[in-house]
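To start, the structure under review is shown below, and the notes come after it.
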Amino acid sequence: MLLKFGKEIGTLIYAKNIWKIEVVLSHVLVVQWCNVMIFSLILGRKGSQGFPGKNLHIINGQPMAWYPMIAAFNNPHIDYNFISTDDPKLSSLGKKIGFEVIDRPAYLATSEALGDDAYKHGYNVMLDKIGEEPEFLILLFCNAPTINSDLITQGINMLRKDPSADSAVTV
């Protein structure tokens with residue numbers, strides 16, 4: 001907990017909520033509750049040309065897309081999990097794990113479509129469903145089986161520690 005006396009703002013982070021606290025005249029507290037939400041958005045399309053079916057390719061007994069989904073779903077910081085896809089099998093896997101499915105339009109599911117455009121579409125759908133902007137948006141790909149919940153947490157912690165950073169990327 002960080003509290004500064006005088007007319008400065010302090011912050012108390014509890015669970016997934018932030019309370020902004022202002023001390024007025026050294027004894028009156030003005031408290032404002034701010035919801036802190038984190039969304040994850042996983043992209044996966046059906047039509048891979050280089051490795052058809054790669055997102056559902058079995059690795060150590062699970063489809064490749066299962067690994068980033070589980071990493072996000074099991075992360076205690078993430079409040080809402082979404083998958084943007086045109087693949088009914090990925091939709092089914094996402095629903096089974098607990099993801100909300102965003103039906104990706106056909107024009108965003110081609111080999112020429114940009115990931116940025118699919119992310120923007122997904123983000124707008126998430127905002128419409130939730131009604132609030134997240135503190136962070138965790139962007140993942142179905143074909144990234146090496147991601148885990150701890151790496152996601154490290155990224156979140158790094159961004160919270162350094163407000164001048166606008167993103168964190170695994171390498």
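Brief remarks follow.
- Shape category assigned to segment 59-169 from the gyration tensor of Cα positions, a/c cut at 1.5: oblate
- Bridgeable aspartates and glutamates around Lys89 (alpha carbons under 13 Å apart, same-chain partners fewer than 8 residues away excluded): Asp103.
- Highest average first, the peptides 62-74, 86-98, 107-119 ordered by how many other beta carbon atoms sit within 10 Å of their residues are 62-74, 86-98, 107-119.
We did not get these values from a lab; they are worked out from the coordinates using the rules stated. Since the structure is predicted, the reported quantities are computational estimates derived from the model, not experimental observations. All Cβ positions, glycine included, derive from the backbone under ideal geometry; neighbour counts span all protein chains shown.
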